[in-house]
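Visitor: Quick one: the structure is below, and I'll ask about it shortly.
The values are calculated or read from the model by the stated rules, or taken from the named source; none is laboratory data. Keep in mind it's a predicted model, so treat the numbers as computed, not measured. Here the Cβ is made from the backbone with ideal geometry for all residues, glycine too, and neighbour counts use every protein chain on show.
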Amino acid sequence: MTPAEREEALARREENAAILSAKLERDRVALESEISTAAAASKAASAINRALQSDAAKKVKGLEEESAQWEAKLARLKSEAGKLAPAAAEAAPAESPSEKAAVAAAKSQLAKDRAEFEAERSAFEREAAEARARLKAEAQSLAELRAKLGTIRSELETGVKTREAEVKRKEAALEAERTKLQAGVDSLVRAEAQQSEERAKLEAHVASLAAKEVMFEERSRQLQERLKNFAKA
């Protein structure tokens, strides 16, 4: 691989690393947004739970007050019935039809009031039981939601940490590869410098040989001239 190809490969790897880093940054921002949304949902659920509990407490308090009023009313009716009963017993020997009708009406009204109270108390107990069941179900749902949110947050944090570790590993691998490529480039540069130096030495040697060849030819020419002069002599 030539130095240009190594540089091009290194540039491509750096570009891929930049794209991967940008993608991981986008994923991290998205995960943080999801975590914020989940936290907001959890906060809203907690607020709803508190509002429901407050509303239920108000309703229970109102029903308890109403029940206390009915209990007081029942006690008052029992007291009035108790007052009417002895009087009716004392007046039994000389009880007139109008008195009998009044006592019967009072007993009928007392029975009616008692029946209404029992019906209202049963309705209140049913409503209270339903409210307690609703609150228990809502508390269970909120607990499950919190558990799910905790699990999601833990998974998101684990995923972010895993991706960060993967990015760091890839960055370390890219840095090692870059260092290796740089070392190869440096080695090639040194080899080229050494080749240039050897080429310069070779050229100097060739020039020296050429000079020697010229000098040898000059001496050979001079020797031939001497031989010619010697032959003439």
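Visitor: List the number of the failed condition for GLY184; all other conditions in (1) surrounded by fewer than 11 Cβ atoms within 10 Å (Cβ to Cβ); (2) farther than 24 Å from LEU31 by Cβ hold.
Guide: (1)
Visitor: If PHE117 passes every condition in (1) under 39 Å from the mean Cα position of the chain (by Cα); (2) surrounded by 11 or more Cβ atoms within 10 Å (Cβ to Cβ); (3) closer than 30 Å to LYS59 by Cα but one, which one does it miss?
Guide: (1)
Visitor: Check ALA51, ALA57 and return the single one that is over 33 Å from the mean Cα position of the chain (by Cα), closer than 23 Å to PHE124 by Cβ and either modelled with pLDDT of 75 or more or of a type in the set (Gly, Ala, Ser) (or both).
Guide: Testing whether each residue is over 33 Å from the mean Cα position of the chain (by Cα), closer than 23 Å to PHE124 by Cβ and either modelled with pLDDT of 75 or more or of a type in the set (Gly, Ala, Ser) (or both) leaves just ALA57.
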